[in-house]
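Trainee: Submitted below is the structure of interest, expressed as structure tokens.
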Amino acid sequence: MGTDAHSIVSLSGVRKVFGENEVLKGVDLDIAEGEVVVIFGRSGSGKSTLLRCINFLEEPTAGSVEVDGVRYEAGPTSHARRKTIREIRSRTGMVFQEFNLFPHLSVIENVVEAPTTVKRMPRREAEELGMRFLEKVGVSDKRDEYPIRLSGGQKQRVAIARALTMRPRVMLFDEPTSALDPELIGEVLAVMKDLALEVGTTMVVVTHEMGFAREVADRMAFMYEGSLIEEGPTAELVGGAKDPRTRRFLEAVL
Amino acid sequence: MVWVLIFVVLAIIFAAFQFNTAFMLEWLPFILGGVPLTILISVLGILLAIPLALLGALGRLSKNPVFYGVSSFYVSFIRGTPLIVQIFFIYLGLPQLAQYAPGPLQNLFILGTVTSGVLALGINYGAYMAEIFRAGIQSVGHGQVEAAQALGMTWTQTMRRIVLPQVIRVIIPPTGNEFIAMIKDSALVGIVGTQELFFRASKIGRQYFQNLETLVVAAIIYWILTSIFSYFQGRLERRLSKGYVREGGPHGH
């Protein structure tokens, strides 16, 4: 059971330990359907690890993760847990800092790969769906190109379309503009803004783009040394953070 | 161009030294008769080398200390000893151990020249190719696996659809090079008496004291063979580079 009937992502007591290093020290976070939450903080604060715990690219050492009603409790690897992980992954889409497009596949093949192999969707249906999302992100004219011929901004937009074609309930963005040349950041942020405001996609975004956060995020959460020390509606947090560490960080970046 | 000039100069030199072309033509069919065996040894050798190289590469990437240790030893020892020693070891050395083996197994230690040659070439090239395969596997970034997993693909789907196609693309060209090199190294197997191309050429050469002629014939045949395979390898390489070339044409970068 989620703590809130409307929450689509619910993290509770999530800890992650790498060897001696406790990267997440018990994080609780609930995200409602349609909400856009920006997680921010210094590098090394654990914000990317937290995001990666939602779709188990990092498996939490302790705590629980619930996505769209599917609940995972940390524990030793088992058949049941692996199945739960796949269930949750099929409900989440992720966009990476380094795009991670499949270089041996064309744009359209990148997009239809998962729907056809994971969901066993007929190829034609997948292509139609994929083209819809490629149009949405504005790269449908590149359908038969290979990723190497695309600019960074185009690659990231294809990556967004690839994730959307799996019809996820939640989109996870891991520093989606950090690897882009400055002049290409805008086109990716515009697509994300459109997803958030026009489509109403539930989004969890790790980013340093404070302008985007202020404009688009419903809520912001500040990570510091493995703990989520403050969160709240964007205006409230930006206007008057209670914790001095949050205030100091915001002063430095705004 | 330059090549034509080189051939003209060579022809003049050969004429000046009373090169016996009639003798060459007379024995050409006999020497050519060694080509099928040369190709057979090389093909079987590479077919043995590929699985060994894959095992070696996986071992070198493994966290299991035994698997890692065994493959490291294999790669280091085989790469650190001459191929000719390995051929003699299998052909002449192993039979000495046969006396210690129980009766029905003794034959396993006494191998024919072709079998010995294929084993030695396969084991030798497997060690070199293990490093090629390892680099190929490592060249597929972890981000590829993460992207596939995040899309909900299973481990098998990730390997089959995402990782392996990229590894194969990277390792096929150098594997082709290794095959071409092996065609040439297969001549070493002739030393233990396999009736392949080089063995036949040197046998006739010594018999009639016309070594230069037969060796030139052998060299030209090897050259033609490797040129043919290089041509096909080049075509394959271009086909595989689809999706990895920025612009059309060779000057695209």
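Values quoted throughout were computed directly from the atomic coordinates according to the rules given, and no laboratory measurement underlies them. Quick caveat: nothing in here was measured; it's all calculated off a predicted structure. As a convention, Cβ positions derive from the backbone with ideal geometry for all residues, glycine included, and neighbour counts pool all protein chains shown.
Trainee: With runs of 4+ DSSP H residues as the only contributors, calculate the mean residue ellipticity of chain B at 222 nm using -39,500 (n - 2.57) per run, divided by the residue total and rounded to the nearest 500.
Mentor: Mean residue ellipticity, 222 nm, calculated: -23500 deg cm²/dmol.
Trainee: Continuing with the same structure: Only sites in a loop by DSSP and with at most 10 other Cβ atoms within 10 Å count here; which trypsin sites (Lys or Arg not before Pro) in region B:11-91 make the cut? Could the numbers behind the result be given before it?
Mentor: Working: sites: B:R60, B:K63, B:R79; in loops: B:K63.
The qualifying sites are B:K63.
Trainee: With only alpha-carbon pairs counted, each pair once and no self-pairs, how large is the Kirkwood hydrodynamic radius of region B:57-212 in angstroms?
Mentor: Values: mean 1/r = 0.0537 Å⁻¹.
18.6 Å is the Kirkwood radius here.
Trainee: Sticking with this structure for a sec: Rounded to the nearest 0.05, what FRET efficiency do B:I168 and A:K119 give with R0 = 35 Å and r taken as the Cβ-Cβ distance? Could you check?
Mentor: On the way: r = 26 Å, r/R0 = 0.74.
Calculated transfer efficiency: 0.85.
Trainee: For peptide A:77-86, what's the mean number of Cβ atoms from other chains within 10 Å of each residue's Cβ?
Mentor: Working: counts 0, 0, 0, 0, 0, 2, 0, 0, 2, 4.
Per residue, the number of nearby Cβ atoms from other chains is 1 on average.
Trainee: How would region A:1-151 be classified by its alpha-carbon gyration tensor: rounded, prolate or oblate, with rounded meaning a/c under 1.5 and the a/b versus b/c comparison settling the rest?
Mentor: Numbers: a/c = 1.98, a/b = 1.71, b/c = 1.16.
Because a/c hits 1.5 or more and a/b exceeds b/c, region A:1-151 counts as prolate.
Trainee: Taking a ≥ b ≥ c as the square roots of the Cα gyration tensor eigenvalues, with a/c under 1.5 meaning rounded and otherwise prolate when a/b beats b/c, else oblate, which class fits chain A? Mind showing how you got there, number by number?
Mentor: Numbers: a/c = 1.81, a/b = 1.26, b/c = 1.43.
Note, shape of chain A comes out oblate.
Trainee: Filter the GluC sites (Glu not before Pro) in region A:175-254 to those in DSSP coil with at most 15 other Cβ atoms within 10 Å of their Cβ, and list the result.
Mentor: Values: sites: A:E183, A:E187, A:E198, A:E209, A:E215, A:E225, A:E230, A:E231, A:E236, A:E251; in loops: A:E209, A:E225.
For GluC sites (Glu not before Pro) across region A:175-254 that sit outside H, G, I, E and B with at most 15 neighbouring Cβ atoms in 10 Å, the list reads A:E225.
Trainee: Do the alpha carbons of any pairs in A:K25/A:K47; A:K16/A:K242; A:K193/A:K242; A:K155/A:K193 sit beyond 20 Å of each other, and which pairs?
Mentor: A:K16/A:K242; A:K193/A:K242
Trainee: Taking springs between alpha-carbon atoms closer than 10 angstrom, which of A:G63, A:G240, A:G26 fluctuates most in the Gaussian network model of chain A?
Mentor: Taking springs between Cα atoms under 10 Å, the residue moving most is A:G240.
Trainee: Before anything else, pin down the relative contact order of chain B: Cα pairs under 8 Å, at least 6 apart, normalised by residue count, whole percent. Walk me through the numbers on the way to the answer.
Mentor: Values: 260 pairs, mean separation 65.0, N = 253.
Here the relative contact order equals 26 percent.
Trainee: Right, here's the next one. Taking every residue in A:158-171, how many Cβ atoms of other protein chains lie within 10 Å of its Cβ, on average? Can you show the working numbers first?
Mentor: On the way: counts 0, 1, 0, 0, 3, 3, 0, 1, 3, 0, 3, 0, 0, 0.
Mean inter-chain Cβ contacts per residue within 10 Å come to 1.
Trainee: From the square roots a ≥ b ≥ c of the eigenvalues of the alpha-carbon gyration tensor of the protein assembly as shown, which class results: rounded (a/c under 1.5), prolate (a/b over b/c), or oblate?
Mentor: It is prolate, given that a/c is not under 1.5 and a/b is the larger ratio.
Trainee: Next up: State, as an integer percentage, the relative contact order of region A:75-149 based on alpha-carbon contacts under 8 Å between residues 6 or more apart. Working shown, then result.
Mentor: Values: 41 pairs, mean separation 26.6, N = 75.
Relative contact order of region A:75-149: 35 percent.
Trainee: Between the alpha-carbon centers of region B:10-83 and region B:87-130, tell me the distance in whole angstrom.
Mentor: Distance between centres, Cα-based: 16 Å.
Trainee: Still on this structure, please answer the following. Per DSSP H run of n ≥ 4, the term is -39500 (n - 2.57); total these for chain A, divide by its residue number, and report the mean residue ellipticity at 222 nm rounded to 500 deg cm²/dmol.
Mentor: Details: 9 runs with 94 residues, N = 254.
Mean residue ellipticity, 222 nm, calculated: -11000 deg cm²/dmol.
Trainee: If you don't mind, another one. If amide hydrogens are placed 1.01 Å from N in the peptide plane, which non-local residues have theirs closer than 5 Å to the one on A:V95?
Mentor: Distant-sequence amide H within range of A:V95: A:L172, A:F173, A:D174.
Trainee: Please identify, among B:V66, B:V167, B:V118, the residue showing maximal mean-square fluctuation in a Gaussian network model of chain B using a 10 angstrom Cα cutoff.
Mentor: Its mean-square fluctuation being the largest, the pick is B:V66.
Trainee: With θ set to phi - 60° and the Karplus curve 6.51 cos²θ - 1.76 cosθ + 1.60, what are the ³J(HN,Hα) couplings of region B:216-230 in order, to the nearest whole Hz, using x for Gly and Pro?
Mentor: 4, 4, 4, 4, 5, 5, 4, 5, 4, 4, 5, 5, 4, 5, 4
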